[in-house]
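Engineer: Provided herewith is a single structure, encoded as structure tokens, for subsequent inquiry.
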Amino acid sequence: MEVILKQDVPNLGYINEIVAVRPGYARNFLIPKGMATMATVSGRKVLAETIKQKSFKAEKEKLTAQGLAKSLENLTVKIGAKAAPNGKIYGSVNAIQIAEAIKAQFNFEVDRKKIHVDGEHIKELGNYTAKIILHKEAQVEIAFEVFAE
């Protein structure tokens, strides 16, 4: 069964894409949650018109995202956290703190929802990497260091 995605769905596709999924997944999850619609003939025509109208704006956003990705490419973000003597952090470091650190240290605005950290939360001191997905064609991995305050 083919559906048209109304929003980005992780590990499936991006907004305004036609993807093939199992019928149960479409009927029971994607369509009721408003993430997709059926890919009918009229739906495809509406999609084509929408894509045509948004192409100029999308190209501008893509260039902006690629410029930001190039700026973020070789940066190392330093995040301070309270830690025990054995290196365990009190609490954890997550995407919100990474976004705030990027804003504070380099003055780049990155949405916390676009930052993906392996394991979601960092609970020990050390060096890690995070993937920032700014656009479907502009992704960058940044290094960050968690140190004891």
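Engineer: Can you name the residue in the range 122-149 that is outside any strand (DSSP E or B) and at pLDDT below 90 and is also surrounded by the most Cβ atoms within 10 Å (Cβ to Cβ) among such residues?
Structural biologist: Here is the first cut: in the range 122-149, the residues outside any strand (DSSP E or B) are 125, 136-137, 149.
This time we only want the ones that are at pLDDT below 90, so: 136-137, 149.
Working: 136: 14, 137: 10, 149: 7.
Among those residues, the one meeting the criterion is 136.
Engineer: Going residue by residue through the range 11-23, is there one that turns out to be modelled with pLDDT of 90 or more, assigned to a helix (DSSP H, G or I) and not assigned by TED's automatic domain parsing to the domain that holds residue 125?
Structural biologist: Yes.
Engineer: May I pose another question? For the range 69-104, which residues satisfy the criterion of being surrounded by 18 or more Cβ atoms within 10 Å (Cβ to Cβ) and either without any contact (Cβ under 8 Å) to a residue 40 or more places away in the chain or under 14 Å from residue 131 (Cα atoms) (or both)?
Structural biologist: 69, 72, 77, 95, 97, 98, 99, 102
Engineer: Further question on the same structure: With farther than 27 Å from residue 117 by Cβ and not aliphatic (A, V, I, L, M) as the only criterion, which of 76, 50, 64 stands out?
Structural biologist: On the way: 76 fails: farther than 27 Å from residue 117 by Cβ; 64 fails: farther than 27 Å from residue 117 by Cβ.
None of the others qualify; the one that does is 50.
Engineer: Name the single residue, out of those in the range 52-104 being more than 21 Å from residue 136 (Cβ to Cβ), among the charged types (D, E, K, R) and not in a helix (DSSP H, G or I), that is modelled with the highest pLDDT.
Structural biologist: 78
Engineer: Can you name the residue in the range 105-117 that is outside any helix (DSSP H, G or I) and touching a residue at least 12 places away in the same chain (Cβ under 8 Å) and is also farthest from residue 63 (Cα to Cα) among such residues? Give the derivation first.
Structural biologist: In the first step, residues of the range 105-117 are kept if they are outside any helix (DSSP H, G or I); the result is 107-111, 115-117.
Checking which are touching a residue at least 12 places away in the same chain (Cβ under 8 Å) leaves us with 108, 110-111, 115-117.
Numbers: 108: 16, 110: 15, 111: 17, 115: 19, 116: 21, 117: 24 Å.
Only one residue tops the list, namely 117.
Engineer: Right, next: Assuming residue 62 fulfils every condition listed in (1) surrounded by 13 or more Cβ atoms within 10 Å (Cβ to Cβ); (2) free of Cβ contacts under 8 Å to residues at least 40 places away in the same chain; (3) within 17 Å of the chain's Cα centre (by Cα) apart from one, which condition is it?
Structural biologist: Going through the list (1) surrounded by 13 or more Cβ atoms within 10 Å (Cβ to Cβ); (2) free of Cβ contacts under 8 Å to residues at least 40 places away in the same chain; (3) within 17 Å of the chain's Cα centre (by Cα), residue 62 breaks only (2).
The values are calculated or read from the model by the stated rules, or taken from the named source; none is laboratory data. Since the model is a prediction, treat every value here as computed from it, not as a measurement. A quick note on method: Cβ atoms are made from the backbone with ideal geometry, for glycine too, and the neighbour counts reach across all protein chains shown.
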